[in-house]
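Let me begin by presenting the structure, written as structure tokens, before commenting on it.
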Amino acid sequence: MFGSVMLIYNHKQSPTEDDVFNITENWDPATEDVYLVRKVNGEWLTIFRNQHTVMLAELKRKWTGNWEIRDEMGNESSISSTYYPPNKEQEITWSAGGVGQKEIVYYFGQIINPEIHKVTVETEEKFNQSVPIIKAEGKRFFFKKLKGAIITPVNINGYSKSGEQIYSSLSD
């Protein structure tokens with residue numbers, strides 16, 4: 001009876017920052033900060049960092065109701081990352097990667113320049129897609145998950161409030 005009550009209780013709980021710290025406690029290097037645990041487009045995501053990397057991961061519920069970090073292939077792994085700390089003169093740090101067998105691609109990054117209010121990912125096949133900005137712990141990130149063949153971005157663009165382009169990855 002007690003086991004059934006615990007399973008029901010666990011299945012009603014949303015993931016927390018403590019869950020992320022517990023899941024990654026044996027990772028090397030250790031997790032130092034959790035910026036975000038939030039449901040985005042129906043998936044529980046977390047953004048966290050260690051001394052060298054800011055990572056994006058998907059949180060999935062185990063049959064017991066507890067949470068785990070799993071990538072699209074079922075491995076305990078983040079789905080994307082960028083380096084930490086960013087250089088002060090940088091405007092955006094970003095990465096693109098994916099899962100070939102599942103044909104999923106992830107675009108993820110941190111916006112450093114406070115004047116950037118819109119980010120787009122320009123690719124050969126899907127030209128200039130706007131990317132949602134995620135605010136967490138006083139920092140700003142962007143993340144876009146696309147289904148289809150892995151497409152290396154041609155350009156990541158950052159725009160001011162007025163729509164002026166102030167960043168292009170082509171000029172890095």
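Descriptive notes on the structure:
- Qualifying position, being open to solvent by 20 Å² or more (accessible area, probe 1.4 Å), within 14 Å of residue 143 (Cβ to Cβ), touching a Gly at 6+ places or on another chain (Cβ under 9 Å) and without any contact (Cβ under 8 Å) to a residue 60 or more places away in the chain, among 95, 78: 95
- Matching residues in the stretch 68-95 - criterion: being within 23 Å of residue 117 (Cβ to Cβ), over 13 Å from the mean Cα position of the chain (by Cα) and modelled with pLDDT of 90 or more: 84, 91, 92
- Checking each residue in the stretch 68-85 for being over 15 Å from residue 37 (Cβ atoms) and in a strand (DSSP E or B) picks out 80, 81, 82, 83.
- Within the stretch 12-42, the set of residues being touching a residue at least 40 places away in the same chain (Cβ under 8 Å) and acidic (Asp, Glu) comprises 19, 33.
- Within the stretch 49-64, the only residue that satisfies the criterion of being of a type in the set (S, T, N, Q) and open to solvent by 60 Å² or more (accessible area, probe 1.4 Å) is 51.
- Positions within the stretch 14-48 being open to solvent by 90 Å² or more (accessible area, probe 1.4 Å) and farther than 22 Å from residue 133 by Cα, in sequence order: 18, 22, 25, 26, 28, 32
- Residue match in the stretch 51-67 (condition: part of a loop (DSSP other than H, G, I, E, B) and of a type in the set (A, V, I, L, M)): no
The values are calculated or read from the model by the stated rules, or taken from the named source; none is laboratory data. Fair warning: this is a prediction, and the values are worked out from it, not measured in the lab. For neighbour counting, all protein chains shown are included, and Cβ atoms are generated from backbone atoms with ideal geometry for every residue, glycine included. Quick note on the areas: whole protein, heavy atoms, side chains included, nothing else; ligands and nucleic acids left out. Shrake-Rupley method; radii C 1.70, N 1.55, O 1.52, S 1.80 Å.
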